[in-house]
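Chemist: Below you'll find the structure I mean.
The values are calculated or read from the model by the stated rules, or taken from the named source; none is laboratory data. A quick note: this is a predicted structure, and the numbers were derived from the prediction, not measured. Reconstructed Cβ throughout: ideal geometry from the backbone, glycine too, with neighbour counts over all protein chains shown. Surface areas here come from the heavy atoms of the whole protein model, side chains and all, with no ligands, DNA or RNA. Shrake-Rupley method; radii C 1.70, N 1.55, O 1.52, S 1.80 Å.
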Amino acid sequence: MLKFYYSGAPNPTKVALFLEETGLAYEGIPVDTRKGEQHKPEYRAINPNAKVPAIVDGDVVVFDSNAILLYLAEKTGQFLPENTPKARGELLSWLMFVASGVGPYAGQAVHFRNYAPEKLPYAINRYVFEAQRHFGILDARLATRRYMLGDAYTIVDMAVWGWTRMAPNVVGDGAWEKFPNLKRLVDEIGARPAAQRAGTLKDRHTFKTELDAEALDAMFPHLKEKVA
Ligand SMILES: N[C@@H](CCC(=O)N[C@@H](CS)C(=O)NCC(=O)O)C(=O)O
C-alpha cells in the first residue's frame, strides 16, 4: 500500500487532499518535525531534503508536494486538464509557480512574522509583500475562471489550497478582503468532504506542539550555525 509521510503542515495537507479526493488506499505515516523525525536516516533516505511530505509507492519514491500531486494525478489519470500541449503548458506553469513562489514566500512570511527571534521589519515587509504579490496573481487568474485551469478542478487548485487557506496567517488580518476570488476557491475546496478529511488527518496522531529547544534545533538549525 502507498505510504504517505505527513504532518499537519500545508504541504502534506495538499497531498492528503488528493488522496482523500481519489480514495486511493494509503498508509499515513506521521513525521513529527518538532521532534526532529524528518532528520532520521531512514526518513532522509526517502526525502534527502528532510521535509514532509513524501510518498513511497512500491519501488517509487516521490518527495516535494507538487511533484507528488503530479505523480499521483498521472498515475490515476484524475484531476488533470485535457491532454493537449496547451493545457499541459498551463498545468506545469501554475504547478511550478505554486511550488517555487507561493509556497516559499508564504513560508518565509510566516517565519519572519511569527517565528524569527528578532522582528526584522525589512524581512517581514519583503516576504509579506512577495506573498501578497503571488496571492494577487492567483486572485487575478481566478477573477475570470472558476478554477486555476478553467472549468475543471485539478491538482493546481489543490496545490493552491495548501498554503492560501492560511492567508491571514501569512499576510495578516484583512487578507480575504484583498483576495476575494482566491477566497471563493479556498472556501469551495474547504467545503469538500475530502478537504475536511485531509484537514483532520493530523488528529490521528498526537504531534508535538511545543516549540522548545528540541523543536527549534530540528526545524531551524541555522539558529545554531552562523554561515553568513
Ligand atoms: N518544497 C517542499 C517543501 C516541504 C516543506 O517545507 N515542508 C515543511 C512542512 S510544510 C516541513 O517539513 N517542515 C519541517 C522542517 O522544515 O524541518 C514541498 O513542497 O513539499
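Chemist: Out of everything in region 171-211 that is without any contact (Cβ under 8 Å) to a residue 12 or more places away in the chain and in a loop (DSSP other than H, G, I, E, B), what residue ends up being least open to solvent (accessible area, probe 1.4 Å)?
Modeler: Per the stated criteria, the residue is Gly174.
Chemist: Let me ask something else about it. For region 187-228, name all the residues that are over 30 Å from Glu20 (Cβ atoms) and of a type in the set (D, E, K, R).
Modeler: Here is the first cut: in region 187-228, the residues over 30 Å from Glu20 (Cβ atoms) are 212-214, 216-217, 220-228.
Listed by number, the residues that qualify are Asp212, Glu214, Asp217, Lys224, Glu225, Lys226.
Chemist: Within region 100-114, which residues are in contact with a Phe, Trp or Tyr (Cβ under 8 Å, 6 or more places away or on another chain), among the hydrophobic types (A, V, I, L, M, F, W, C) and within 12 Å of the ligand (Cβ to nearest atom)?
Modeler: Passing the criteria: Val102, Ala106.
Chemist: Here's another thing I want to ask about it. All but one of (1) within 15 Å of the ligand (Cβ to nearest atom); (2) aliphatic (A, V, I, L, M); (3) closer than 16 Å to Asp157 by Cβ hold for Ile29, so report the exception by its number.
Modeler: Of the numbered conditions (1) within 15 Å of the ligand (Cβ to nearest atom); (2) aliphatic (A, V, I, L, M); (3) closer than 16 Å to Asp157 by Cβ, the odd one out for Ile29 is (3).
Chemist: Further, regarding this structure: Among the residues of region 1-19, count how many are crowded, with 21+ Cβ neighbours inside 10 Å and of a type in the set (D, E, K, R).
Modeler: 1
Chemist: On to the next question. If we scan region 46-58, do we find a residue that is within 13 Å of the ligand (Cβ to nearest atom) and either of a type in the set (Phe, Trp, Tyr) or touching a residue at least 60 places away in the same chain (Cβ under 8 Å) (or both)? Spell out the reasoning first.
Modeler: Let us first name the residues in region 46-58 that are within 13 Å of the ligand (Cβ to nearest atom), namely 46-55.
Retained after the next criterion (residues that are either of a type in the set (Phe, Trp, Tyr) or touching a residue at least 60 places away in the same chain (Cβ under 8 Å) (or both)): none.
No, every residue in region 46-58 fails to be within 13 Å of the ligand (Cβ to nearest atom) and either of a type in the set (Phe, Trp, Tyr) or touching a residue at least 60 places away in the same chain (Cβ under 8 Å) (or both).
Chemist: Given the condition more than 8 Å from the ligand (Cβ to nearest atom) and at positive phi, answer yes or no: does some residue in region 13-21 qualify?
Modeler: No, that holds for no residue.
Chemist: Could you tell me whether Tyr105 is of a type in the set (Ser, Thr, Tyr), touching a residue at least 24 places away in the same chain (Cβ under 8 Å), closer than 17 Å to Val170 by Cα and crowded, with 17+ Cβ neighbours inside 10 Å?
Modeler: Working: of a type in the set (Ser, Thr, Tyr): yes; touching a residue at least 24 places away in the same chain (Cβ under 8 Å): yes; closer than 17 Å to Val170 by Cα: yes; crowded, with 17+ Cβ neighbours inside 10 Å: yes.
Considered against the rule, which asks whether it is of a type in the set (Ser, Thr, Tyr), touching a residue at least 24 places away in the same chain (Cβ under 8 Å), closer than 17 Å to Val170 by Cα and crowded, with 17+ Cβ neighbours inside 10 Å, Tyr105 comes out as yes.
Chemist: Of all residues in region 140-170, how many are within 24 Å of Val15 (Cβ to Cβ) and part of a helix (DSSP H, G or I)?
Modeler: Of the residues in region 140-170, 16 are within 24 Å of Val15 (Cβ to Cβ) and part of a helix (DSSP H, G or I).
Results for (1) more than 14 Å from Ile68 (Cα to Cα); (2) out of contact with any strand residue (DSSP E or B) (no Cβ under 7 Å at 6 or more places or on another chain); (3) at pLDDT 95 or above; (4) not aliphatic (A, V, I, L, M), shown as yes or no for each residue.
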{"residue": "Gly23", "(1), (2), (3), (4)": "yes, yes, yes, yes"}
{"residue": "Tyr26", "(1), (2), (3), (4)": "no, no, yes, yes"}
{"residue": "Val31", "(1), (2), (3), (4)": "yes, no, yes, no"}
{"residue": "Pro53", "(1), (2), (3), (4)": "no, no, yes, yes"}
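Chemist: Still on this model: Run Asn66 past the list (1) open to solvent by 30 Å² or more (accessible area, probe 1.4 Å); (2) within 10 Å of the ligand (Cβ to nearest atom); (3) touching a residue at least 24 places away in the same chain (Cβ under 8 Å) and report the number of the one that doesn't hold.
Modeler: (1)
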